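S.K.: Here it is, the structure in full.
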Protein chains: 2
Amino acid sequence: MGDKTALVIFTPSGKRGNIPVGTPVLSAARQLGVDLDSVCGGRGICSKCQVTPGFGKFPKHGVTVAKGALSGWNAVEARYDEKRGLKEGRRLGCQACIQGDVVIDVPPGSQVHRQVVRKAATRRQITMDPATQLRYVEVREPDMHEPTGDLQRLCEALKRDWDISDPEASPAFLASLQHALRDGGWKATVAVWRDHRGGAPVLLDIWPGFFEGRLHGLAIDLGSTTISAHLCDLRDGQVLASSGVMNPQIRFGEDLMSRVSYAMMNPGGDAEMTREVREAIGQLAIELSDETDIPLRQIVEAVVVCNPVMHHLLLGIDPVELGQAPFALATSNAVNTHAADFGLASINPSANAYVLPCIAGHVGADCAAVALSEEPYKSEDLILICDVGTNAEILLGSKDRVLACSSPTGPAFEGAQISSGQRAAPGAIERVEIDPMTKKPRFQVIGSDLWSDEAGFAEATAVTGVTGICGSGIIEAVAEMRMAGLLDASGLIGSAEQTGSGLCVPDGRTHAYVIWDARDDGGPLIAVTQGDIRAIQLAKSALYAGARLLMDELEVERVDRIALAGAFGSHISPRHAMVLGMIPDCDPAKVRSVGNAAGTGARIALCDISARARIEAEVLRVQKVETAIEPRFQEHFVAANAIPHASDLFPHLPELPDVSFNAGGGRSADSPTGRRRRRRTQDPLLRP
Amino acid sequence: MGDKTALVIFTPSGKRGNIPVGTPVLSAARQLGVDLDSVCGGRGICSKCQVTPGFGKFPKHGVTVAKGALSGWNAVEARYDEKRGLKEGRRLGCQACIQGDVVIDVPPGSQVHRQVVRKAATRRQITMDPATQLRYVEVREPDMHEPTGDLQRLCEALKRDWDISDPEASPAFLASLQHALRDGGWKATVAVWRDHRGGAPVLLDIWPGFFEGRLHGLAIDLGSTTISAHLCDLRDGQVLASSGVMNPQIRFGEDLMSRVSYAMMNPGGDAEMTREVREAIGQLAIELSDETDIPLRQIVEAVVVCNPVMHHLLLGIDPVELGQAPFALATSNAVNTHAADFGLASINPSANAYVLPCIAGHVGADCAAVALSEEPYKSEDLILICDVGTNAEILLGSKDRVLACSSPTGPAFEGAQISSGQRAAPGAIERVEIDPMTKKPRFQVIGSDLWSDEAGFAEATAVTGVTGICGSGIIEAVAEMRMAGLLDASGLIGSAEQTGSGLCVPDGRTHAYVIWDARDDGGPLIAVTQGDIRAIQLAKSALYAGARLLMDELEVERVDRIALAGAFGSHISPRHAMVLGMIPDCDPAKVRSVGNAAGTGARIALCDISARARIEAEVLRVQKVETAIEPRFQEHFVAANAIPHASDLFPHLPELPDVSFNAGGGRSADSPTGRRRRRRTQDPLLRP
C-alpha cells in the first residue's frame, strides 16, 4: 500500500501532489499545505474537515477521477450522517482515504482561515484566524509509577496532535483541569491562546470530551461619549449582538480635556473614572451574554479601540500627561493583557484583551483601528479617512505615506450637546429631508424603513416612539435646513417671516426649526435650535480644519477619495456632509460612508491574529501631526465656520441659497429663487 | 589614545587582556567578562563597581604596576567619598581609567554573582543572581513630533544600557511609570524580572532617579502544620527576619489526608482551605515587613516550597485526586506566576512567585527544595536525606541515581498531637538530658543557652517562661527516657516503682514522666505521656520504614551518610534520632543535622535564578517510590515500632537498657545494670 501513490488535487487552492494510496484526505491536505479545518485532530468527531470529492473528467486539471478514487463510506461517516446529517456529496476528510487520482474540493466552511466578507461598503474580506481556538485532545491516563502531572500529559498530547509547544496554564485553568479530564474520560477540548508576538501559548480553558460549543470575542469601541460592544463568533466572525451605552464618565466632563482636568483637580479622580468605565464595559458583556444566551465563559477574547485618554483611563493610568504638551503617552505600543487586569472580569476569567497601539498623544488606538479597517497604507490613490466621534480621527495618505491627526469635534456628531439629541438607538431620528418648497420635514427613525409622511409610520414606530435625534440625523437636518433656505451661510436660523415657514419658531432671542411635535399626544417636541447649529458648526469646522491641516502637510489641494466613518447608528450621508462643509471638496462619487470603521478594525483584530502584527508595524510608519500646537489649525478652523466655504475650494459643491438672516428676524432680501432650486434638482450630488 | 593598550589583570578571576589606554575599569571588566557589579550603568551613582588596584611588583602575574597605572582620583569619586566614604585604596570602576599595565582586585561586595556562604552545616555557597534586579537608566524626554510612549523610550534605554530586550510591563507598572520618570528628571531605577525559562523579561516597578533601596524576597516553607517565611535581601542573600505560624488549615484536619477528606466531603471546602492558607501567608509577609521596616513594595519575589496537597490548596486546585490512587498531580512542573494569583497581594503588586516542581503525588516541592539544598545528585557516596515534618520527605541516592518517597509521620515531630507539645518558639523545650542514675531531667528552652539546672536559668527565661516542648525536645526526651531506663523497648513508660523515679507519675491507666512542674508558681506541668510515646513511635516507624523502602529499592543494607532536615526551631540531634530508631544504621560521624533544608532550598531558588532551571532538570531524573501502595512499607513500619530495632541492622547503635514494663506498673526483673551504664558512657555516639 505504501508504495503506490495517486495524484491528489485540492480545489480551490489548486495544490496538488502524489500521495501514498491509503492516506486519509485530511493527512493528504496537511502534507500538501492545504487549508482544511479539524478540531478533533482527525478522530471523526468534529466534522470540520468535510470535503467534496469530484468524479469524472477534469480537463482543466488533466485527470479523470474514477468512482473508487476514495475509500467507501465508513461506519464513522454513517454514524455522523445519521446523528447530524452530512450534505449530499460530502465526505469526512479524516475518514475517506485516497485510493486513486482524485480532485477534492474544500468548501469554505471547512477552511480554517476562511474569508469572511465584511458587511460595510468596502466589502473587504477578513481572514478568520483568531488568537484563541479550540483543540481536541486525548490524554494519557496517570500512572503512579511515572507520576507526571495531568498538565504535563495534556501538554504532551497538545504537542503531538497540534504542535503546540510549552504552553503556559493560568491558575484558573489548573483549577479546572483535573475534573475536566476525568469527566471526559481523558478526552478534552482546550481553548488555546496564541501570542502574535511569539510569546508562549496559553491554555485558557478546558471542557470535558469534544466540546460542541463555540468561542466568542468582544470588539469594544470605547468612545468618550458612547461605548459600544459587539459579540462575535470566533469561527465565522459573525456579529451575534451589539450593545451600547453612554460613557458614564460623562458626568466628570463632556469632552476629553475636561476629564483630564477632573483627574488633575481631584486626587483619585482618575481611579474613579477608571472604575466607572470598567464597570460599564463589564455590564455590556453581561448584557450581550444574556441577549444571546452565550455563556460568559465562552467569551474568551476582547479587543478594545479607544482614544488615548480613554486608553489610559481604561488601563488605570492617570491621563494627566495627555492634557499638556508634549502629550506623552505612557505607552504607545499595543497592550496585550488579561481582560481581568482592566476589570473585564465577567467574561472567561482567563480571557485575553488586546488594545490596539496608539499613534500619538492625541491619536489613539481608535485611529489605528480605522487604519486597519480602511488600509490607507495600501491605497494607490490619495484617501482621506475621517472617523467622526467626540474627537475625530483623521488619516490622509496612500501606500507611499500616511499622515494622522485628531481633531476635537466635541460630542455634537454623536447627538450629545444637542437639544433633542440622543445616542443612535431605536426611536432616534437618523435621516431628515426638508422640502425646499413647502419647508416641511420628513424623517426616518432607527428601527423602521418608513418615512414619517408614509402610511403606517405611526404603527411602525408605536413601540419605540420618536424619541430624539441622533448624530446622522442632526447632520442631515442642518444640511437640509441650509439647502431649504432656512439657514444662512453664517449659520443663523431665519424667523417664520424670513423663511416663510411656520416651523421656524421663536426660541428665546433666536429661532428653532420644528421637526416633530408630538406634545399633543404627550410626546416630545423635537426641534433644531440655534444652539444646535452652533454646536454642529464648531464640530464640522474642527473636522474640516484637521483634514485641511493634513492636506497642507502633504501639500495637496484635493484628495482622490474620502471615507466617512463614525460610530453612528446609521451611516453618515456623504452628500449632507459635503453640504455642511464637514469635509474638503471631492468628487461626490468618491465619497463613501464606511460605517463604524474603528469598530470594524477592532473586529478584524479580534478575528485575525495576523492583523495585530500588521497594524503594529503600520502604525510605526504613520506620521503624526499635532493639531493642538499648529497655528494653521486655528486658521482653518475659523475659516471653516460658515456654510458653505469659499467656492474655489469646493467646485463639487452645489450652489446653496444665499439667504442672509439677522438675529432680529427681519425678512432678508434674498430668498431662494426658482433658478437656484432648479439647479439643485439637477445636481447629481443632491439626488443620489 | 585609542592606539595604545595596557595589560589589565583582574583578581580573583585571573582574567586578563590588552585594553586601550583611557578605558574605564568597568568597561575593561565587561570586555574581559569579569564579574564587576554596576546598577547605575557606569554613571558614578551607585558605587557598586568599587575595585582595589594593586601597585608594585606582581611576580605571579609577571607585571609591575606603576603609580600612574590608573587615572587620578576625579571629582565624582571625591564627591562620593565625601558623601558616603570610600574605603582606603578603593576606586570607582566607572571613573578610574586604565593608563598602564595594572592588577585590579574585585572585592566580593563588587561582584554581581557573589558567593554567599550558607549558615547551615554544609556551608555550601549560594551564587547571588536573583530573578529581579534593579537597573538604573536615563530616558529620552518625550518629543511631540516623534510621539513614542514613555514606555518605549524607557525600553530603548534598557536595551542600550542593559541589553534587556522586549520586556513586558505589568498594568501596575504602566500606572506608575509617568510620575516616576518626571519626578526623577528622566532618570529612574527599574526592577526587572527575568524568566529562567527564556520568556520575556517583565518590568515590575520603577522608582524616580537612582533608587538607594534594596529588593527583597520571601522564602516560604508551607508545611501542613507550620508555615514559616524568611525575608531575604536579594543583594546578599541575608535572612533579615523569619516568622512562622501554625497552618490555620489544621482546624480542617491535622494531617493531609484528613484535609483531602474535608475537601471531598464538603463542597467548597477546598476553597475555604485555600483562602485560609493564603491569608496566613499574606499576614506573615506583613509581619516581616513591620518587623524589619522594609516596605512591602520592596518585597518583589516569593518562592514557595510545600507538599503536593498544600501546593494544590495554595494554588486553588481541589486536592481530591491526591487522596486516591494513582495520586495524580494537576501539574508536576514548577509554577511561575504572579504572587497576587495566589492571594499574596500584600507585597509588591507585580511580584512574581515561584513554586518549585513536585516530584510525585506524594513527593512535593518541599522534597525538590531539600534536593536543591542537599544535592544528592552530586554526591559521590550514598546519602540518605530525611526531611522531617508532618510528612517526611526522604531522598536516597548519589550522582548515579536518586530515589524519593514521602512517609506520613504525622505532626508529632513538630510538637503537635503531643500533650505538652508546641511549635518551636521562645519558651519551648528544645533539648533534654536525663541523668541515668538520678533519672532527673534537665533541659534548654529556645531563647536561652542555659540548662534548666544552671544558675540564672529562671532569670534568663523570665520573659518567655517554659511553655511546652517542641519537636526536637520531644525526640530528645523520648530517647533520653529510653536510655535512662524509664521506657522499655516496646515503648511503655514504667511506674515510679518500676523505674525508681518519683517523676514517673500515674496518668490514667498508664504513666507519664514529669519534665517540668511549675504549677505551684501558676505555670504548666510539662510531662511526656504514654500517648506522646505512642505518637512518636508511629512517627519514627513511618520515617524509618520510608527510608528502608528506598534502601530495598536500591538493594542496599547500609548508607554512607545521613542528613537530617526539618523545620525545627533547633537542629534535630543525630544521636537521639539514632537511639529513637528514626533512621537506619550509619556511622554516627556521618550523621548530620542540616536544619531546615526545604527552607534553604527555597532561599537558594530565591537568590539564584539558575538554581530554578537546575532543580527542574534534576527533578525529572529522580525516581519516585510510592509508599502508599507498597506492602513492604507496612512490613517495615510494623517492624520498626520498637525501640531499638533488631541489633543486626544497627551495629552502630549502643546497647540500650533491656527493661520491660507491663501496663500494671509492677517492677520488672531487668533494671539497668552497671555494666550497661558503663558501656554507654564509653560509647562515642552518646558522649559527643
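The values are calculated or read from the model by the stated rules, or taken from the named source; none is laboratory data. Because the structure is a prediction, the values reported are computed rather than measured. When we count neighbours, we look across all protein chains shown, and the Cβ atoms used for this are built from the backbone with ideal geometry, even at glycine. These accessible areas exclude ligands, DNA and RNA; they are computed on the full protein's heavy atoms, side chains included. Shrake-Rupley method; radii C 1.70, N 1.55, O 1.52, S 1.80 Å.
S.K.: Under the rule that an exposed site lies in a DSSP loop and has at most 15 other Cβ atoms within 10 Å, name the longest stretch of chain A with no GluC sites (Glu not before Pro) of that kind, not counting the sites themselves.
M.R.: On the way: sites that count: A:GLU88, A:GLU212, A:GLU380, A:GLU454, A:GLU555, A:GLU557, A:GLU655.
Within chain A, the longest run free of exposed GluC sites (Glu not before Pro) spans A:213-379.
S.K.: Determine the relative contact order of chain A: mean sequence separation of Cα pairs under 8 Å and six or more apart, normalised by residue count, in whole percent. Present the calculation step by step, with values, prior to reporting the outcome.
M.R.: Values: 1582 pairs, mean separation 72.2, N = 688.
With pairs under 8 Å counted, the relative contact order is 10 percent.
S.K.: Along the Cα→Cβ direction, 7 angstrom out, place labels at B:ALA455 and B:ARG558. What is the inter-label distance in nm?
M.R.: 4.8
S.K.: Something else about it: Quick check on the stretch B:175-325: take the gyration tensor over C-alpha atoms, sort the square-rooted eigenvalues as a ≥ b ≥ c, and tell me if it's rounded (a/c under 1.5), prolate or oblate.
M.R.: On the way: a/c = 2.73, a/b = 2.12, b/c = 1.29.
Here the stretch B:175-325 falls in the prolate category.
S.K.: Let me ask you something else. Using a probe radius of 1.4 Å on heavy atoms only, what accessible surface per residue do you get for chain B? Whole Å² is fine. List each step's numbers first, then the result.
M.R.: Details: 25800 Å² over 688 residues.
I get 38 Å² per residue for this part.
S.K.: What net charge is computed for the residues neighbouring A:ILE317, neighbours being all others with C-beta under 11 Å from the C-beta of A:ILE317, Lys and Arg scored +1, Asp and Glu -1? Kindly include the intermediate steps, with their values, before the conclusion.
M.R.: Values: positive: none; negative: A:ASP270, A:ASP318, A:GLU321, B:ASP150.
Spelling it out: positives minus negatives among the neighbours equals -4.
S.K.: Shortest first and in nm with one decimal, please list how far the B:PRO107 label point sits from its counterparts in the other copies (point 7 Å along Cα→Cβ).
M.R.: 8.0
S.K.: Could you sort B:THR225, B:THR148 by accessible area so the largest value comes first, with the probe set to 1.4 Å? Walk me through the numbers before you get to the answer.
M.R.: Working: B:THR225 0, B:THR148 50 Å².
Largest accessible area first, the residues go B:THR148, B:THR225.
S.K.: What nm distance separates the two modelled labels at B:MET264 and A:MET265, each placed 7 Å from Cα along Cα→Cβ?
M.R.: It works out to 6.5 nm between the two label points.
S.K.: Give the angle, between 0 and 90 degrees and rounded to the nearest 10, that separates the Cα long axis of helix A:269-292 from the longest principal axis of the Cα atoms of chain A.
M.R.: 60
S.K.: Lysines within cross-link reach of A:LYS4: Cα-Cα under 21 Å, excluding same-chain residues under 8 positions apart?
M.R.: Here the lysines satisfying the reach criterion relative to A:LYS4 are A:LYS15, A:LYS67.
S.K.: Which FRET efficiency, nearest 0.05, do A:ALA345 and A:ASP163 yield, Cβ-Cβ r, R0 41 Å? Don't skip to the end; give the middle numbers.
M.R.: Numbers: r = 32 Å, r/R0 = 0.79.
Here the calculated transfer efficiency is 0.80.
S.K.: Same structure again: Report the gain in length on full extension from B:GLU272 to B:ASP195: 0.36 nm times residue separation, minus Cα-Cα distance, nm rounded to one decimal. All intermediate terms of the calculation are to be shown ahead of the outcome.
M.R.: Details: separation 77, 0.36 × 77 = 27.72 nm, distance 3.16 nm.
Residue separation times 0.36 nm, minus the Cα-Cα distance, leaves 24.6 nm.
S.K.: Rank B:PRO319, B:TYR262, B:HIS652 by how far each Cα sits towards the positive end of the charge dipole of chain B (+1 on Lys, Arg Cβ; -1 on Asp, Glu Cβ) and give me just the farthest.
M.R.: Projecting each Cα onto the dipole axis, the largest value belongs to B:HIS652.
S.K.: Can you find, among A:GLY523, A:PHE342, A:ALA617, the residue farthest towards the positive end of the dipole of chain A? Put +1 on the C-beta of Lys and Arg, -1 on that of Asp and Glu.
M.R.: It is A:ALA617.
S.K.: State whether the stretch B:28-149 is rounded, prolate or oblate according to the following rule on the C-alpha gyration tensor (a ≥ b ≥ c being the square roots of its eigenvalues): a/c under 1.5 gives rounded; otherwise a/b larger than b/c gives prolate, and the remaining case gives oblate. Numbers along the way, then the final one.
M.R.: Details: a/c = 2.05, a/b = 1.21, b/c = 1.69.
The shape class here is oblate.
S.K.: Let's see if you can work this out: charge +1 on each Lys and Arg Cβ, -1 on each Asp and Glu Cβ, no other charges. What is the dipole magnitude of the stretch A:321-460 about its Cα centre, in debye to the nearest 20? Walk me through the numbers on the way to the answer.
M.R.: Details: 8 positive and 18 negative charges, 50 e Å.
In debye, rounded to 20, the stretch A:321-460 gives about 240.
S.K.: Arrange the residues B:ARG548, B:ARG519 by how much accessible surface each exposes, largest first, with a 1.4 angstrom probe. Present the calculation step by step, with values, prior to reporting the outcome.
M.R.: Working: B:ARG548 15, B:ARG519 140 Å².
If we order B:ARG548, B:ARG519 from most to least accessible, we get B:ARG519, B:ARG548.
S.K.: Can I ask one more? Of B:ALA200, B:GLY184, B:ALA169, which is farthest towards the positive pole of the stretch B:158-229's charge dipole, taken about the Cα centre with +1 and -1 on the beta-carbons of Lys, Arg and Asp, Glu respectively?
M.R.: The residue sitting most towards the positive pole is B:GLY184.
S.K.: Right, here's the next one. Report, in degrees rounded to the nearest 10, the 0 to 90 angle that the Cα long axis of helix A:365-374 makes with the longest principal axis of chain A.
M.R.: It is inclined by approximately 80 degrees.
S.K.: Convex hull volume of the Cα atoms in the protein assembly as shown, per residue, in Å³? It would help to have the intermediate numbers written out before the result.
M.R.: Numbers: hull volume 374.1 nm³, N = 1376.
In the protein assembly as shown, the Cα hull volume divided by residue count equals 272 Å³.
S.K.: Which order do the peptides B:505-513, A:169-177 come out in when sorted by mean C-beta neighbours inside 10 angstrom, highest first? Write out the running numbers ahead of the final one.
M.R.: Values: B:505-513: 17.4, A:169-177: 20.8.
Result, highest mean first: A:169-177, B:505-513.
S.K.: For the stretch B:225-257 and the stretch B:379-431, write down the distance between their C-alpha centroids in whole Å.
M.R.: 16
S.K.: Ignoring everything but the protein chains, give the 1.4 Å probe accessible area of A:ASP290 in square angstrom, nearest 10.
M.R.: So the heavy atoms of A:ASP290 present about 100 Å² to solvent.
S.K.: To the nearest 20 Debye, how big is the dipole of chain A about its Cα centre, given +1 on the beta carbon of each Lys and Arg and -1 on that of each Asp and Glu? Numbers along the way, then the final one.
M.R.: On the way: 69 positive and 84 negative charges, 425 e Å.
Taking the Cα centre of chain A as origin, the dipole is about 2040 debye.
S.K.: Can you work out the PRE-style zone for A:ASP3? Point 7 Å along Cα to Cβ, and I want the residues of the stretch A:15-38 with backbone N under 20 Å.
M.R.: Within reach of a label on A:ASP3: A:18-23.
S.K.: With charges only on Cβ, +1 for K and R and -1 for D and E, what is the dipole size of the stretch A:237-304 about its Cα centre, in debye, rounded to 20? Mind showing how you got there, number by number?
M.R.: Numbers: 5 positive and 11 negative charges, 39 e Å.
Dipole about the Cα centre, nearest 20: 180 debye.
S.K.: Less than 14 Å apart at the alpha-carbon level, and either on another chain or at least 8 residues along: which aspartates and glutamates does that give for B:LYS399?
M.R.: B:GLU374, B:GLU375, B:GLU380, B:ASP381, B:ASP560, B:GLU618
S.K.: I would also like to ask the following. Kindly identify residues of the stretch B:313-328 having a loss of at least 40 Å² in accessible area between the isolated chain and the assembly of all protein chains, probe radius 1.4 Å.
M.R.: B:ILE317, B:GLU321, B:PRO326, B:ALA328
S.K.: Let me ask something additional. What ranking, highest mean first, results for peptides A:202-208, A:365-371, B:3-9, B:215-221 when packing means the other Cβ atoms within 10 Å averaged over each residue? Show your work: numbers first, answer last.
M.R.: Values: A:202-208: 22.1, A:365-371: 31.9, B:3-9: 17.1, B:215-221: 27.1.
Packing proxy ranking, top to bottom: A:365-371, B:215-221, A:202-208, B:3-9.
S.K.: Give the B-A buried accessible area in Å², both sides summed, 1.4 Å probe, nearest 100.
M.R.: Details: alone 27360 and 27320 Å², together 51560 Å².
The buried area between B and A, both sides summed, comes to about 3100 Å².
S.K.: Something else now. In nm, give the distance between the simple-model label positions of B:GLN31 and B:LYS399, each being 7 Å from the Cα along the Cα-to-Cβ direction.
M.R.: The modelled label-to-label distance comes out at 3.8 nm.
S.K.: Related question: Rounded, prolate or oblate: pick one for the stretch A:172-247, where a ≥ b ≥ c are the square roots of the eigenvalues of its C-alpha gyration tensor, a/c under 1.5 means rounded, and failing that, prolate if a/b is larger than b/c, else oblate. Don't skip to the end; give the middle numbers.
M.R.: On the way: a/c = 2.57, a/b = 2.02, b/c = 1.27.
It comes out prolate by the Cα gyration axes.
S.K.: A further question on this structure: With N set to the residue count of chain B, report its C-alpha Rg divided by 2.2 N^0.38 Å to two decimal places.
M.R.: 1.11
S.K.: Kindly give the distances from A:GLY56 to its copy-mates, label point to label point, with each label point 7 Å from Cα along Cα→Cβ, as nm values to one decimal ordered shortest first.
M.R.: Result, one decimal in nm: 10.4.
S.K.: Shortest first and in nm with one decimal, please list how far the B:ARG509 label point sits from its counterparts in the other copies (point 7 Å along Cα→Cβ).
M.R.: Sorted ascending, the copy-to-copy spacings read 10.7 nm.
S.K.: Only bridges whose two residues both fall in the protein assembly as shown count here: according to DSSP, what percent of them are antiparallel, nearest 5? The partial results should precede the final answer.
M.R.: Working: 154 of 220 bridges.
If I count the DSSP bridges inside the protein assembly as shown, around 70 percent turn out antiparallel.
S.K.: Nearest 0.05, what FRET efficiency do B:ASP658 and B:VAL239 give at R0 = 51 Å with Cβ-Cβ as r? Let's see the in-between values first.
M.R.: Numbers: r = 46 Å, r/R0 = 0.90.
That pair, B:ASP658 with B:VAL239, gives E of 0.65.
S.K.: Using 1/(1 + (r/R0)^6) with R0 = 30 angstrom and r between the beta carbons of A:ALA325 and A:GLU380, what's the FRET efficiency to the nearest 0.05?
M.R.: Working: r = 36 Å, r/R0 = 1.21.
Result of the calculation: an efficiency of 0.25.
S.K.: State the antiparallel share, in %, of DSSP beta bridges confined to chain A, rounding to the nearest 5. Write out the running numbers ahead of the final one.
M.R.: On the way: 77 of 110 bridges.
Around 70 percent antiparallel, to the nearest 5.
S.K.: Can you compute the helix-only [θ] at 222 nm over chain A? Use -39500 (n - 2.57) per DSSP H run of at least 4 residues, normalise by all residues, nearest 500 deg cm²/dmol.
M.R.: Values: 17 runs with 190 residues, N = 688.
Estimated from H runs of four or more residues: -8500 deg cm²/dmol.
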